[in-house]
Each structure stands twice: as structure tokens, then as C-alpha cells.
Amino acid sequence: MGYSLSRLEIEPEVCDGEGNSFHEIGDNLRRPNKPLNCFDHEIAHLTNLKSRPNENLIRNVPGRGALPVSTVKMLASREGNYSGLGRFSSADCRHILSRYLPINGPWVVDQMSSRAYVSQFSADGSLFVASFQGSNIRIYDVDGGWKFKKNILARSLRWTITDTCLSPNQRSLVYASMSPIVHIVNIGSSSMESYANITEIHEGLDFSAYGDRGYAFGIFSIKYSTDGRELVAGSSDDSIYVYDLEANKLSLRISAHMSDVNTVCFADESGHLVYSGSDDTYCKVWDRRCFNTREKPAGVLVGHIEGITFIDSRGDGRYFISNGKDQAIKLWDIRKMSSNETSHCSSLSFRNYDWDYRWMDYHGRAQHLKHPNDQSVTTYRGHSVLRTLIRCYFSPEHSTGQKYIYTGSNDSWVYIYDLVTGALVAVLKYHRSTVRDCSWHPSYPMLVSSSWDGEVVKWEFSASGENKVPGMKTRVRRRHPN
């Protein structure tokens with residue numbers, strides 16, 4: 001079950017904006033040795049403004065000046081037209097909705113006999129995609145009551161499905177594995193079972209660069225451009241690839257990092273800036289407009305002392321978060337980036353221990369290490385980033401004003417942090433194995449988590465406070481190989 005600080009028992013809070021030490025307090029969570037509100041930065045003010053009620057409303061309701069304002073008082077103020085608008089503003093709506101966290105449940109969406117690796121809502125929330133190591137990609141009609149829509153059996157799978165991405169028009173889906181061949185499939189057909197080149201065409205796109213035909217590497221991360229004309233991918237050969245879908249050919253390969261490129265994403269809707277994260281511990285910013293003239297990043301950000309597993313953009317072309325194998329999420333402002341990584345010492349240069357996150361626990365001596373040139377805005381700790389490339393995200397802008405960040409964890413829980421204070425506001429406990437991915441609905445207080453236990457479950461805000469798993473399938477106890 002899940003729980004929230006504002007509704008149930010108080011749990012420890014997490015914030016590390018200045019490299020503060022932490023001490024163990026149980027359940028492997030940590031409390032900072034200083035009060036919250038530990039960073040004063042432009043993003044803190046921007047986030048608060050997105051979900052701050054109208055000033056006239058704050059001044060006129062009983063208990064004036066106190067935040068948050070209760071839903072009842074917000075409704076009463078609207079009826080009294082205290083704001084002078086005659087309606088709720090977008091910030092008013094976010095102020096109300098952001099208080100209703102998706103902590104109740106869970107309700108089982110699906111259960112498979114293999115590990116779940118990827119789970120994502122479509123941009124409008126009408127579809128949900130879940131991908132499993134056993135080659136299944138399952139699509140659900142969210143607006144149709146979570147009705148099963150299509151099962152795609154991945155073609156030429158190597159190890160697992162590492163990433164999937166829906167096209168901007170939601171008509172096609174691209175999927176990748178530990179192979180240079182990426183496949184694209186039409187999801188708009190009426191067929192519920194999609195078998196490669198039997199019931200439907202799974203077109204193979206070869207990302208092998210010009211002279212490297214047959215060279216084996218894997219794709220860890222793949223994203224559609226905002227116009228749907230290109231694919232950008234991060235790979236195990238330290239490179240970023242760009243594939244031109246209209247010309248049906250690879251258009252660019254950049255030797256971007258010194259190790260695996262685990263994650264790529266676009267900075268905003270313009271599609272001009274791309275963020276990348278790698279096992280070399282660096283986050284890099286790339287300008288698409290300069291890809292063909294210079295193969296150097298627009299800037300580099302340092303601060304993690306272990307590899308980066310995932311990056312999510314705030315969507316404003318300025319801020320993003322990264323999940324790291326140093327067991328931390330970091331918040332970044334690209335205006336603090338350096339011109340290149342050579343101006344900073346590598347985190348690996350002062351690390352005096354050998355460690356592999358795939359099968360080892362994080363080294364105790366490393367818990368309090370801090371990069372001497374850390375450029376991040378602040379750091380969030382409490383979750384566990386082990387065994388696989390665990391993902392983290394900003395909460396939706398429409399319903400929460402991106403007030404929270406959330407992440408899966410190797411300890412089988414989902415963690416939700418307050419972006420500004422660093423407080424751990426909710427922990428969702430249900431799964432029996434690593435939660436690699438999770439996704440918050442863009443409009444509703446609903447979050448779906450997927451785990452290596454094979455289950456995909458839905459968390460919601462329930463006014464009745466129900467916590468149950470209806471129609472629970474018989475659990476199959478499984479042992480997974482490393």
C-alpha cells in the first residue's frame with residue numbers, strides 16, 4: 001500500500017542541497033541534519049508560482065496567508081469571487097489537485113511471467129504502454145476503462161526491451177533492445193496481436209553507422225523528435241544516433257561520451273536541445289542545430305560520482321533531473337554548465353573502490369562522497385538505484401505544477417519527493433522486486449508502477465481511502481536470473 005505524509009504517519013524527509021551528512025533512521029531512509037527549505041533558487045519560486053492560489057483569495061479566506069489553502073476554503077472563495085476572476089485560475093486548480101496524491105491502491109492492471117522494464121502513459125493519457133523482458137509490449141486503452149488494446153511481440157529481441165516511444169501522433173511505436181536494429185510498428189490497426197511480419201509489419205531501422213555494418217551494440221534510450229520526423233538514441237557504444245525517418249536512413253552518429261549513453265531526451269517542445277546521460281557520470285547538453293557542423297556538446301554538467309541511469313526534462317529548456325547510480329537524483333540548471341568536461345576532474349579519479357551496481361550493494365564509504373565540482377542545484381536521496389537503469393520524472397504540469405519528482409527503486413517501492421523542500425512526501429509499497437519504471441497520468445491523480453515481479457499496478461487518489469487490489473490474480477513466485 002502507499003502512504004503520504006499529509007495523510008498518514010510522518011516519514012523521514014530527504015534533502016541534500018549542500019552536501020549534508022545523513023544518518024540512518026530505519027527502512028533505509030535518511031533524514032538531513034538541517035531543516036528543510038534548503039535551497040533558494042529560481043526554480044523554487046517558479047514551482048511555487050505554478051500552484052500558488054490567487055493573492056486576493058489568500059488574503060480573504062479565513063486563516064489568511066496560510067498555505068496550503070484547504071479545498072473547502074478554495075471552493076468557498078470561488079463562490080464569493082474573492083479572486084475577481086469568477087473562476088479558478090490554472091494555479092488555483094493545481095493548488096487543489098497537487099494535494100491529492102495517487103497513494104491509494106494498488107489495483108492490478110496486468111501480470112506477466114517476465115520482468116517489466118518500461119511503462120509509460122501517452123502524452124494525452126489516453127494510452128498506456130508496458131514492455132516486458134519476455135518480448136511483450138502491451139498497450140491499454142486508458143479512456144476505455146483500461147481495456148486491453150494490443151499485444152506486440154517484439155522482433156529480434158536481445159536480452160530485453162530497453163525502451164519504447166510513441167510517435168507524437170500516437171499512431172506508431174518504436175521499440176529498442178540490445179541491438180543496433182530498432183523496430184517501428186503501427187499501433188492504430190484493429191489487430192489485437194501484432195506478430196512481426198506475420199500479422200503486421202515491424203519495420204527494422206538499422207542504426208549501424210556507415211562503416212560499421214554488423215557491429216554489435218545496444219540501444220538503451222530512444223525518443224521521437226517533436227515533429228515525428230527523426231529518432232534520437234543513446235547506445236552502448238558511447239554514442240548518440242539520429243535517424244531520419246523520412247529518408248529512412250541513419251543521418252548522424254556522435255561519439256558523445258566515454259561510456260554507455262544510458263539516456264537521451266529533448267529539452268523542450270522546440271526539439272533544438274537534447275540532454276544525454278552516461279556511465280561516465282556526465283550530463284551533456286547538445287544543440288541539434290549544430291549537430292552537423294560540430295560534434296561537441298553545448299555544455300557539460302558534473303556532480304554525479306557514478307553513472308547516470310535516466311534524465312527527465314522539465315520541458316522548459318532550462319531544468320532537468322537525473323537519476324544516478326550514486327543513489328541520488330540531482331536537479332540541474334543548464335545555465336550552470338561548463339564548456340567541456342576537461343575543466344573538471346572525473347568523479348572516477350577520486351573513487352578508490354571497485355563496484356558494479358548490477359550485483360553489488362552500494363559501498364558504505366561512498367554514501368557521503370560529494371563531487372568537488374558539483375554543479376547541480378540540489379540532490380534528493382532515499383531511494384535505491386541498483387541492478388538496472390531506474391527512471392525518475394517530474395510530476396505532471398497540468399495537475400501538480402511539477403511540484404514533485406518521483407522514481408522507482410531497487411527496494412521495490414516508488415518514492416515521491418517535494419521538488420522545492422526535498423521532503424519525501426509519499427512512498428508506495430506493494431511490489432516484490434525492483435521497480436524500474438513508473439508513470440504519472442498527465443491529468444488525473446493516477447500513477448502506474450511496473451516491476452521485475454511482472455506486475456503492472458495502478459495507484460490513485462481515493463476519497464474513500466480504499467486500499468485494495470480487486471480481482472487479484474494468483475501470484476506466481478518466480479526466481480529471476482541475474
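Please treat every number below as a calculation from the coordinates, not as lab data. None of these values were measured; they are calculated from a predicted model. So basically every Cβ, Gly included, is an ideal-geometry build from the backbone, and we count neighbours across all protein chains shown.
Go from 0 up to the bin containing the longest alpha carbon distance in the range 219-282, width 5 Å each, and give me the % of pairs per bin.
4, 20, 30, 24, 16, 5, 1
Please state the charge dipole magnitude for the range 100-460, taken about the Cα centre, from unit charges on C-beta atoms (+1 on K and R, -1 on D and E), reported in debye and rounded to the nearest 20.
So the dipole magnitude of the range 100-460 works out to roughly 300 debye.
Local charge sum around Phe220 (other residues, Cβ-Cβ under 9 Å, Lys/Arg +1, Asp/Glu -1)?
-2
Given the pairs Lys50/Lys330; Lys150/Lys330; Lys296/Lys325; Lys223/Lys284; Lys147/Lys403; Lys249/Lys296, which span a C-alpha to C-alpha distance of over 28 angstrom in this model?
Among Lys50/Lys330; Lys150/Lys330; Lys296/Lys325; Lys223/Lys284; Lys147/Lys403; Lys249/Lys296, the Cα-Cα distance tops 28 Å for Lys150/Lys330; Lys147/Lys403.
Starting from the Kirkwood Rh over alpha-carbon pairs, what translational D in µm² s⁻¹ does the range 100-460 have by Stokes-Einstein at 37 °C and 0.692 mPa s?
Roughly 160 µm²/s, to the nearest whole number.
To the nearest µm²/s, what D does Stokes-Einstein give for the range 154-257 at 37 °C and 0.692 mPa s, using the Kirkwood radius over alpha carbon pairs as Rh?
Result for D is 237 µm²/s.
With a cut-off of at most 15 other beta carbons within 10 Å, and DSSP calling the residue loop, which trypsin sites (Lys or Arg not before Pro) in the range 212-293 qualify? Please list them.
Arg213, Arg229
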